[in-house]
1. Restricting attention to region 119-131, does a residue exist that is out of contact with any Phe, Trp or Tyr (no Cβ under 9 Å at 6 or more places or on another chain), under 30 Å from E42 (Cβ atoms) and in contact (Cβ under 8 Å) with a residue 40 or more places away in the chain?
2. I'd like to know if region 262-279 contains one or more residues that are of a type in the set (V, I, T), crowded, with 16+ Cβ neighbours inside 10 Å, part of a helix (DSSP H, G or I) and touching an Asp or Glu at 6+ places or on another chain (Cβ under 9 Å).
3. Any idea which residue in region 141-178 is farthest from R93 (Cα to Cα), counting only those that are touching a residue at least 24 places away in the same chain (Cβ under 8 Å) and assigned to a loop (DSSP other than H, G, I, E, B)?
4. Check whether at least one residue in region 111-130 is crowded, with 17+ Cβ neighbours inside 10 Å and farther than 18 Å from L176 by Cβ, and report yes or no.
5. What single numbered condition from (1) surrounded by 19 or more Cβ atoms within 10 Å (Cβ to Cβ); (2) over 18 Å from the mean Cα position of the chain (by Cα); (3) at pLDDT 95 or above fails to hold for T200?
6. Only one of (1) loosely packed, with under 12 Cβ neighbours inside 10 Å; (2) modelled with pLDDT of 95 or more fails for E105. Which number is that?
7. For the condition under 19 Å from the mean Cα position of the chain (by Cα) and touching a residue at least 60 places away in the same chain (Cβ under 8 Å), what is the one hit in I219, I257, I278, I266?
Amino acid sequence: MLTNNTKVRALIELLDDPDELVFSHVQKELILLGDEIVPILEDAWGASLNNILQQRIENLIHEIQFKRVKKDLEAWSISQQHDLLDGALILARYQYPDLDVNEVERFFQHLVQEVWLELNPNYTALEKAKIISRVIFELYGFSGNRKSFHSPQNSFINHVIETKKGNPISLSLIYLIVARELKIPIYGVNLPEHFILAYTFLPEEFVDQFLKEDVLFYINPFNGGTIFNETEIKTFLGQLKIEEQEAFFLPCDNKSIIQRIINNLIYCFGKAGVTEKISELKELLAIIKPS
């Protein structure tokens, strides 16, 4: 291990070499070493007063971490489960590479437990939805971030948990994770300009076969879990002058939800002028939505 560390540190010292060929070769070698060298790179950054070396180390760390995010997203995309929380955590690690995944998972364990304690098997679908909404929006205090609606942070699950503020899809995500754990048939609906939920008759394995009549009612997490129906979706689409499509009324799969989050991030980072993130996010989008 000492030999490996010695080799890594020797390579790091060459990162500020003025010869581009040397720098390029060193960079490739370090990237191949993967996540394990990130702590060594961070130590080298802290011990250096060389601005060029520090900048190159920062870029290198980001590239190594981004490579890991892409690898994890590829594995998620080809998996059979497409677990929603796992997908959200992978995206969160794009912005927060040191994210404590266990802390987020513990949060959901507590949240699910709170809802489960209030549920009764004899409750109607409407009563179950109202309990989930009460726990998430009243007991835990989550709400829509209307003041900074287009902030990219609204799409990162850990930030939403920390601030209790989110956008339509991140608040829906929290709702969906709880519902899935409790086997309550609530699913996401990819409505234009908004994201909502549908409470259905059918379990998840039929998500590709849903019809409008399989939906009992819709839920708007961004508005505290208000309940509404198909007519109100039609009114909403009419106000936006968007032609109705069947998909706007029916549940979507988890890959579509993760795609929607990435598209939101592309739009929000662009709106904030952080254009360097856009090309990377498009790479992530291509992993689960091949061109």
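1. No, that holds for no residue.
2. Initially, region 262-279 is screened for residues of a type in the set (V, I, T), giving 262, 266, 274-275, 278.
The next check asks that each one be crowded, with 16+ Cβ neighbours inside 10 Å; those that pass are 262, 266.
Next, only the ones that are part of a helix (DSSP H, G or I) stay: 262, 266.
Then keep just the ones that are touching an Asp or Glu at 6+ places or on another chain (Cβ under 9 Å); that gives none.
Scanning region 262-279, I find no residue that is of a type in the set (V, I, T), crowded, with 16+ Cβ neighbours inside 10 Å, part of a helix (DSSP H, G or I) and touching an Asp or Glu at 6+ places or on another chain (Cβ under 9 Å), so the answer is no.
3. By that ranking, first place goes to F142.
4. no
5. The one condition T200 does not meet is (3).
6. (1)
7. So the residue among I219, I257, I278, I266 that is under 19 Å from the mean Cα position of the chain (by Cα) and touching a residue at least 60 places away in the same chain (Cβ under 8 Å) is I257.
Each row is one residue, and each column tells you yes or no for (1) touching a Gly at 6+ places or on another chain (Cβ under 7 Å); (2) surrounded by fewer than 20 Cβ atoms within 10 Å (Cβ to Cβ); (3) within 30 Å of N158 (Cα to Cα).
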residue	(1), (2), (3)
L216	no, yes, no
G224	no, yes, yes
T235	no, yes, no
K241	no, yes, no
E246	no, yes, no
N254	yes, no, yes
I258	yes, no, yes
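The values are calculated or read from the model by the stated rules, or taken from the named source; none is laboratory data. Given the structure is predicted, the values throughout are model-derived calculations rather than measurements. FYI the Cβ positions are ideal-geometry reconstructions off the backbone, even for glycines, and counts take in every protein chain you see.
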